[in-house]
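**Student:** Shown below is the structure under consideration.
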Amino acid sequence: MTDQARSEAKPIPFIDVAAQRRRLGSSIDEAIARVTTHCQFILGPEVRELEAELAKFCGARHAVSCASGTDALVMVLMAKQIGPGDAVICPSFTFCATAEVVALLGATPVFADVDEATFNIDPKSFERAIAKAKRLGLKPKAVIPVDLFGLPADHDALADIAAAEDMFILDDAAQAFGATHKARPLGTFGLATATSFFPAKPLGCYGDGGAILTDDDELAALLVSLRVHGHGKSQYDNVRIGITGRLDTMQAAILLEKLKIFPDEIAARNKAAERYNNALGNVATVPRIPDGYTSVWAQYTIRVEPERRADLAAALKAEGIPTAIYYPKPLHRQDAYERFPYAEGGLPVSDRLAQEVISLPMHAYLDEPTQDRIIKAVRGAFGA
Ligand SMILES: Cc1ncc(COP(=O)(O)O)c(C=O)c1O
């Protein structure tokens with residue numbers, strides 16, 4: 001590419017939230033106007049409406065909306081009274097919130113390795129992490145599998161192990177709401193599923209937001225109490241320690257509009273992923289979706305040789321193409337988490353992936369000419 005052509009190359013967004021905003025147009029403005037007209041900013045009618053729609057979308061009995069994906073995770077652990085002496089198994093190759101909520105409550109996150117092909121928790125390492133927790137005198141109470149980059153974890157294998165150990169599963173579907181395992185949408189695997197509506201997520205709002213999906217009536221009732229300071233019969237009847245964990249009515253109103261186009265967006269993401277896979281499969285290790293699973297492609301992440309990754313990122317940057325590294329350091333190597341135990345034998349896959357992964361622009365509005373530009377640049381960087 002000549003210098004002139006390079007300077008003319010329009011920068012490509014990593015995630016094009018503005019394109020979605022243009023598509024939704026006045027429907028968002030009208031949804032916001034409805035809220036500013038009725039003025040029920042806290043737990044207004046849109047919150048209940050959204051919860052009903054989310055539950056219907058994934059076939060869960062209950063959806064309890066909340067202020068973030070992190071709150072969704074912490075509230076479930078609070079409801080289950082997780083605390084000091086308890087171990088909660090988490091993959092190391094994930095966003096910090098997965099383990100942060102465990103540590104926040106004084107419990108111990110015990111890290112497990114992930115599977116090389118799916119980037120999700122490896123059931124064998126999960127078993128080793130349980131053994132490690134027991135050896136340390138901790139009580140393994142739960143596992144938080146993460147459906148990383150939009151792909152569900154191996155929920156069948158995890159359910160068997162968790163059941164044998166009398167542990168509950170809190171699925172961290174912050175990146176994967178809308179994905180399926182054996183035609184069953186995430187939201188009904190394990191005791192509860194936490195998701196995030198952070199703007200960059202496949203289903204994102206215009207700020208922070210989250211939700212918990214569960215079939216458990218008792219848990220749902222506890223979560224409703226926990227998200228408003230542990231209220232009992234009324235707001236000023238405090239029966240347990242809780243948090244300010246509500247989803248704003250405004251965000252619920254926005255999400256209701258976005259949910260209408262979400263299935264169409266998932267299809268568009270899958271089409272883009274397939275085009276990437278077909279075009280890049282012979283220059284990098286591309287993500288393959290195992291049989292019986294669907295992904296919502298929160299990220300499109302390839303693997304390259306560690307010594308080539310920085311050059312690839314630089315070559316793409318020079319052409320106005322952003323990339324991201326999710327995640328440059330697994331959690332068991334992070335300052336805040338390195339004191340916590342991990343499965344015997346170490347976590348070699350998490351360590352390796354942190355050196356090799358690189359994510360390309362991915363969203364539902366990635367048109368073919370733009371994607372072709374990215375593909376050409378990636379192939380060009382590999383001399384293909
Ligand atoms: C795997 C995972 N878990 C939890 C979270 C936390 O969600 P939030 O940012 O809404 O608190 C995120 C968000 O980035 C995430 O990617």
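The values are calculated or read from the model by the stated rules, or taken from the named source; none is laboratory data. Remember, it's a predicted structure, so these values are computed and weren't measured experimentally. Because the Cβ atoms are built from the backbone with ideal geometry, glycine has one as well, and the counts that use them run over all protein chains shown.
**Student:** Anything in the stretch 289-315 that is over 24 Å from Val146 (Cα atoms) and small (Gly, Ala, Ser)? List them, or say none.
**Tutor:** Matches in the stretch 289-315: Ala310, Ala313, Ala314, Ala315.
**Student:** Turning to a different aspect of this structure: Have a look at Ile169, Ile130 and point out the one that is within 16 Å of the ligand (Cβ to nearest atom), crowded, with 19+ Cβ neighbours inside 10 Å and modelled with pLDDT of 95 or more.
**Tutor:** Ile169
**Student:** Just to verify a result, which residue in the stretch 138-152, among those that are more than 12 Å from Pro202 (Cβ to Cβ) and within 8 Å of the chain's Cα centre (by Cα), is farthest from the ligand (Cβ to nearest atom)?
**Tutor:** In this case the residue turns out to be Leu148.
**Student:** Give the residue, chosen from Leu73, Leu24, that is surrounded by 22 or more Cβ atoms within 10 Å (Cβ to Cβ) and either of a type in the set (A, V, I, L, M) or in contact (Cβ under 8 Å) with a residue 12 or more places away in the chain (or both).
**Tutor:** From the options Leu73, Leu24, the qualifying one is Leu73.
**Student:** If you don't mind, another one. Would you mention how many residues in the stretch 172-187 are of a type in the set (D, E, K, R), surrounded by fewer than 21 Cβ atoms within 10 Å (Cβ to Cβ) and either part of a strand (DSSP E or B) or within 15 Å of the ligand (Cβ to nearest atom) (or both)?
**Tutor:** 1
**Student:** Counting just the residues of the stretch 286-303 that are touching a helix residue (DSSP H, G or I) at 6+ places or on another chain (Cβ under 6 Å) and buried (at least 18 other Cβ atoms within 10 Å of the Cβ), which one comes out nearest to Ala267 (Cα to Cα)?
**Tutor:** Looking at the filtered set, the residue picked out is Val296.
**Student:** Ok, one more. Tally up the residues in the stretch 36-81 that are more than 16 Å from the ligand (Cβ to nearest atom), in contact with a Gly (Cβ under 9 Å, 6 or more places away or on another chain) and aliphatic (A, V, I, L, M), please. Reasoning before the result, please.
**Tutor:** Within the stretch 36-81, the first condition is being more than 16 Å from the ligand (Cβ to nearest atom), and the residues that meet it are 36-49, 51-53, 55-62, 79-81.
Among the residues that remain, those that are also in contact with a Gly (Cβ under 9 Å, 6 or more places away or on another chain) are: 38, 55, 57-60.
Narrowing the set further to residues that are aliphatic (A, V, I, L, M) leaves 55, 60.
Here the count works out to 2.
**Student:** Mind counting the residues in the stretch 345-384 that are under 14 Å from Arg309 (Cα atoms) and aromatic (Phe, Trp, Tyr)?
**Tutor:** Going through the stretch 345-384 one residue at a time, the tally reaches 1.
**Student:** How many residues are in contact with a strand residue (DSSP E or B) (Cβ under 7 Å, 6 or more places away or on another chain), more than 17 Å from Ala52 (Cα to Cα) and in contact (Cβ under 8 Å) with a residue 40 or more places away in the chain if we restrict to the stretch 214-262?
**Tutor:** The qualifying residues number 3.
**Student:** May I pose another question? Among the residues of the stretch 37-47, are any polar (S, T, N, Q), in contact (Cβ under 8 Å) with a residue 24 or more places away in the chain and part of a helix (DSSP H, G or I)? It would help to see each step written out before you state the result.
**Tutor:** Pass one, the stretch 37-47, residues polar (S, T, N, Q): 37, 40.
If we keep only those that are in contact (Cβ under 8 Å) with a residue 24 or more places away in the chain too, we end up with 40.
Checking the rest, the ones that are also part of a helix (DSSP H, G or I) come to none.
There is no residue in the stretch 37-47 that is polar (S, T, N, Q), in contact (Cβ under 8 Å) with a residue 24 or more places away in the chain and part of a helix (DSSP H, G or I).
**Student:** Taking the stretch 252-275, which residues are closer than 17 Å to Ala117 by Cα and either surrounded by 17 or more Cβ atoms within 10 Å (Cβ to Cβ) or aromatic (Phe, Trp, Tyr) (or both)?
**Tutor:** The one that is closer than 17 Å to Ala117 by Cα and either surrounded by 17 or more Cβ atoms within 10 Å (Cβ to Cβ) or aromatic (Phe, Trp, Tyr) (or both): Ala273.
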